[in-house]
Amino acid sequence: MVNRRVAGLVESSTLAITARAKELSSQGHDVVNFGAGEPDFDTPEIIKQAGIQAIQKGFTKYTPSIGTLSLRQEIAKKFSRDNKLEYKPSQIVVSCGAKHSIYSIIQVLADDGDEVLIPAPYWVSYPEMVKLAGAVPVYIATTPETGLKVTPAALKKSITKKTRIFIFNSPSNPTGVVYTKEEIRALAEICVANDIWILSDEIYEKLIYDIPEYTSVASLSKQIYDKTITVNGVSKAYSMTGWRIGYAAGPQEIMDHMKRFQDHSTSNPTSISQAASEAAFKMPEADIQAMVREFKARRDLITSLVDKIPEISYVYPQGAFYLFCDISKLGDSEAVAKVILDDVKVALIPGDGFGAPGFARLSFATSTERIQEGIKRIAQWISKSK
């Protein structure tokens, strides 16, 4: 027997499909992979060189469990510069990726029987992290009619005396939707009025399209700031998924608890990766925007191609690098994804693991040529299946 919480975990559908796609590729098949949850760009050279120099200088020992002071100072500058948020380095905890940050915060804030509100569709790991804390995930349904966004009415209806945390993710994985400042304020004020913590997952903040400025939840008022834990990382904006550096910031008391929790769950985030991350935060914004422009062009391409397939619809993404498609007219989403992968060697992630049966997530973090080839194969498969 194993721990009952571990026994109840659900396998990540994202990792399962990706593993199957890699298996087919290793067998010599030409697989178009729309399953990737990471930028396909290489880590910028200046960041790689910073990591190499850290090794050469012998920066390979333990650091503080919450990250080096110099990195936390750079993160504080980033928050002030980009998000209009003032955090002291002592309010910032660096972790082994944003996923680690989110896990730690849920463990700190949620207790047995507490309820954690999660808008659906959601990132596959949120509910499992909540379960591991002994808490209960409570899903807030959204619809295409609301742009797959949570409405204030739906949030209010989901709140009970047991509600402890509201997990908020904008831009969203898997939908790519981005909430406006007014929409964020309305939801955040409800949480403050009901003494609910807001866990704001802002990992895709740099990847926004058609929107002039990103709104960070905690920036909206002092009351909201005091009830918000802001989570981010270097994985998406700087194409550093494998470097595993994330961070969280919030009220001092909560971050002190997170520090103590992390003291016993990891020795420290990788020293080399921390040095590389410092270089990332010092990069010119123009370098990041070059990648953003390419993602926007791919977004425009994939939506224009899917528009020609009447059996598939979607909510237009304004951020991240995902197109979340309604494929319910084709049949059960998990079965359809499996058949499409086996028949035409195109990998897409069924929406079931995101709390959205009937949907599928397509990542456009791949080249324009592969996007064109993949959508062409899907269209041909649908045509032959009629």
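Any read-out appearing in this document is the output of simple, stated calculations on the displayed coordinates, not a laboratory observation. Owing to the predicted nature of the structure, the values given are computational and were not obtained by experimental measurement. Reconstructed Cβ throughout: ideal geometry from the backbone, glycine too, with neighbour counts over all protein chains shown.
Here the peptides 222-232, 202-212, 92-102, 58-68 are ranked by packing, the mean other Cβ count within 10 Å, and the order with the highest first is 92-102, 222-232, 202-212, 58-68. When the listed pairs 131/329; 77/236; 22/386; 206/282; 84/131 are checked against a 22 Å cut-off, the alpha-carbon distance exceeds it for 131/329; 22/386; 84/131.
When each of the peptides 112-119, 19-26, 241-248, 170-177 is scored by the mean number of other C-beta atoms lying within 10 Å of its residues, the order from highest to lowest reads 170-177, 241-248, 112-119, 19-26. Taking amide H positions as modeled 1.01 Å from N, with prolines and chain starts lacking one, the residues under 5 Å from residue 136 and 5 or more places away or on another chain are 113, 114, 115, 116. Based on the Kirkwood approach, the hydrodynamic radius assigned to segment 59-281 is 17.4 Å, with every pair of different Cα atoms included. When 123, 381 are sorted by how many other C-beta atoms sit within 10 angstrom of their C-beta, beginning with the fewest, the order is 381, 123. Structural size metrics of the chain, computed from C-alpha coordinates, are Rg and Dmax of 20.6, 63 Å. The string of couplings for segment 344-355 from the Karplus curve (6.51, -1.76, 1.60, θ = phi - 60°) is 10, 6, 10, 9, 9, 9, x, x, 4, x, 9, x Hz, one whole number per residue in order, with x for Gly and Pro. All Cα-Cα distances of segment 1-97, cut into 10 Å bins from zero to the largest, leave 11, 21, 26, 30, 11, 0 percent in each bin in turn. Segment 56-111 and segment 269-295 have Cα centres spaced 15 Å apart.
With a Förster radius of 25 Å, plug the Cβ-Cβ distance of residue 157 and residue 112 into 1/(1 + (r/R0)^6) and report the FRET value to the nearest 0.05. The value I calculate is 0.55.
Each Lys or Arg adds one and each Asp or Glu subtracts one; over the other residues with Cβ under 9 Å from the Cβ of residue 364, this totals +2. Exposure proxy for 359, 41: other Cβ atoms within 10 Å of each Cβ, ordered fewest to most, give 41, 359.
Between helix 69-83 and the chain there is an angle of about 60 degrees, using the helix long axis and the longest principal axis of the Cα atoms.
By the rule of a C-alpha distance below 16 Å, with chain neighbours fewer than 8 residues away ignored, the aspartates and glutamates paired with residue 161 are 111, 112, 114, 115, 195.
Straight-line cross-link partners of residue 78 among the aspartates and glutamates, defined as a Cα under 18 Å from its Cα and at least 8 positions apart when in the same chain: 86, 201, 202, 205, 213, 278, 285, 287.
Between helix 252-265 and the chain there is an angle of about 70 degrees, using the helix long axis and the longest principal axis of the Cα atoms.
Computed 3J(HN,Hα) for segment 323-329, one whole-Hz value per residue from the Karplus formula 6.51 cos²θ - 1.76 cosθ + 1.60 where θ = phi - 60°, is 10, 9, 9, 7, 10, 4, 5, glycine and proline marked x. Please give the helix 45-56 orientation as an angle from the longest Cα principal axis of the chain, in degrees from 0 to 90, rounded to the nearest 10. It works out to around 50 degrees.
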